[in-house]
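One structure below.
The values are calculated or read from the model by the stated rules, or taken from the named source; none is laboratory data. None of the values given here were measured: they were computed from a predicted structure. Cβ sites come from the backbone with ideal geometry, for glycine too, and all protein chains shown count toward neighbours.
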Amino acid sequence: MPMSDEVLRVCPAAHPALAGHFPGNPIVPGVVLLEEVFLAAVAAFGDIELAGFPAVKFLGLLRPDEPFAVRLTRNGRDPGQDRAEISFVCTSGGRTISRGRMAVRDRRSPRSAEHGAASGTGPADTFPG
């Protein structure tokens, strides 16, 4: 049975990725928005690690310091799979900003340890590279 939650987020204007994106008309880059989606999923569902974003659509702009909601639905794990999928929709002021799906693993699972899961909890520990 799917579990759902909604988490409110704000990407602060002081975020280092916003410098130069775009001077005089700042917008939150898509990768920063996806980082916020992942952090919302951690807040909603606990100790998970990112396995990827199989589908994402960006449908509108988000400005720095603009509050937005991330509606998350965690779908059940497929039989024989070590990953679960979380669907998300980001909205602000009645507008849909983005939607998509992310694949996650439970950090406590044995497969997670096999994949070299980092010991930290931040997105830098979960995004490849």
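One table, with the values for the structure above:
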{"quantity": "Scan of the stretch 4-24 for residues that are among the aliphatic types (A, V, I, L, M), within 13 Å of residue 63 (Cα to Cα) and at pLDDT 95 or above, ordered by number", "calculated": "10"}
{"quantity": "Any hit, the stretch 45-55, residues being under 18 Å from residue 92 (Cβ atoms) and either of a type in the set (Val, Ile, Thr) or modelled with pLDDT under 95 (or both)", "calculated": "no"}
{"quantity": "Residue check for residue 21: in contact with a Pro (Cβ under 6 Å, 6 or more places away or on another chain), on the phi < 0 side of the Ramachandran plot and free of Cβ contacts under 8 Å to residues at least 60 places away in the same chain", "calculated": "yes"}
{"quantity": "Residues (touching a strand residue (DSSP E or B) at 6+ places or on another chain (Cβ under 9 Å) and surrounded by fewer than 19 Cβ atoms within 10 Å (Cβ to Cβ)) located in the stretch 10-28", "calculated": "10"}
{"quantity": "Answer residue from the stretch 82-96, given it is under 20 Å from residue 107 (Cβ atoms) and in contact with a helix residue (DSSP H, G or I) (Cβ under 8 Å, 6 or more places away or on another chain) and is surrounded by the fewest Cβ atoms within 10 Å (Cβ to Cβ) among those", "calculated": "82"}
{"quantity": "Top-ranked residue in the stretch 35-50 [being crowded, with 18+ Cβ neighbours inside 10 Å, of a type outside the set (D, E, K, R) and free of Cβ contacts under 8 Å to residues at least 60 places away in the same chain; ranked as farthest from residue 60 (Cα to Cα)]", "calculated": "48"}
{"quantity": "Output for the stretch 34-60, where each listed residue is assigned to a loop (DSSP other than H, G, I, E, B) and out of contact with any Ser or Thr (no Cβ under 7 Å at 6 or more places or on another chain)", "calculated": "46, 47"}
{"quantity": "So residue 31, is it part of a helix (DSSP H, G or I) and either surrounded by fewer than 16 Cβ atoms within 10 Å (Cβ to Cβ) or in contact (Cβ under 8 Å) with a residue 60 or more places away in the chain (or both)", "calculated": "yes"}
